[in-house]
Amino acid sequence: QVQLVESGGGLVQAGGSLRLSCVASGSISGFNTMGWYRQAPDNQRELVAAITSLGRTNYADSAKGRFTISRDYAKNIVYLQMNSLKPEDTGVYSCAYKRSLDASFYDADYWGKGTLVTVSS
């Protein structure tokens, strides 16, 4: 089992920044992928960004140039730095973990409970 705990969400004005953090604990495998999904009201969950344990990254088109995903491998933490936020970035951001190297991150093995990000116009 892997437990994921997110933090860093909140209310921010358009154009502002937030940094999300997710701490993974439990049975962490050597090769893995961690990332962030977003679910806006009345929308499907969508991948925002992913990063493998070898450092390969993948971003949604909407996140490219504004968001940066990174990891602290020693502490099993994944970060999502979000800059130039827009109202359409609003949603619940969930951390996810997969027991393999898969930057596409179409699915995951474990999920956090999520943290709410609200961007006001």
Could you work out how far apart the two model spin labels at Tyr106 and Thr68 are, taking each label as a point 7 Å from the Cα in the direction of the beta carbon, and quote it in nm? 3.1 nm
Expected field for Glu6, accessible surface area in Å² at 1.4 Å probe radius, rounded to 10, holds 30 Å²
Between the residues Pro87, Gln1, Val119, the Cα farthest towards the positive end of the dipole of the chain, that dipole coming from +1 and -1 charges on the beta-carbon of Lys, Arg, Asp and Glu, is from Gln1
With +1 on the Cβ of every Lys and Arg and -1 on the Cβ of every Asp and Glu, and nothing else charged, how large is the dipole of the chain about its Cα centre, in debye rounded to the nearest 20? 280 debye
On a straight-distance basis, which lysines could pair with Lys75 in a cross-link, Cα separation under 25 angstrom, same-chain partners fewer than 8 positions away excluded? Lys98, Lys113
Calculate the FRET efficiency for Ile28 and Lys86 from the Cβ-Cβ distance with a Förster distance of 35 Å, rounded to the nearest 0.05. 0.55
Just check the chain against the gyration tensor rule for me: Cα atoms, a ≥ b ≥ c as the square roots of the eigenvalues, rounded for a/c under 1.5, and otherwise prolate or oblate depending on whether a/b exceeds b/c. prolate
Packing rank of 75-85, 9-19, where each peptide gets the mean count of other beta carbons within 10 Å, highest leading: 75-85, 9-19
Testing the spin-label approximation: label points 7 Å from Cα along Cα→Cβ at Ser120 and Gln1. State their distance in nm. 3.9 nm
Quick check for you: which residues of the stretch 27-50 have the amide N under 15 Å from the point 7 Å beyond the Cα of Lys113 toward its beta carbon? none
Restricting to the chain, compute how many DSSP beta bridges are antiparallel as a %, nearest 5. 90 percent
Sorted by accessible area with a 1.4 angstrom probe, largest first, how do Asp109, Asp42, Asp89, Asp72 fall? Asp42, Asp109, Asp72, Asp89
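The values are calculated or read from the model by the stated rules, or taken from the named source; none is laboratory data. If you're wondering where the values come from, they're calculated on a predicted model, not measured in any experiment. Here Cβ is always computed from backbone atoms with ideal geometry, including for glycine, and neighbour counts include all displayed protein chains. Note: areas computed on protein heavy atoms with side chains; ligands, DNA, RNA excluded. Shrake-Rupley method; radii C 1.70, N 1.55, O 1.52, S 1.80 Å.
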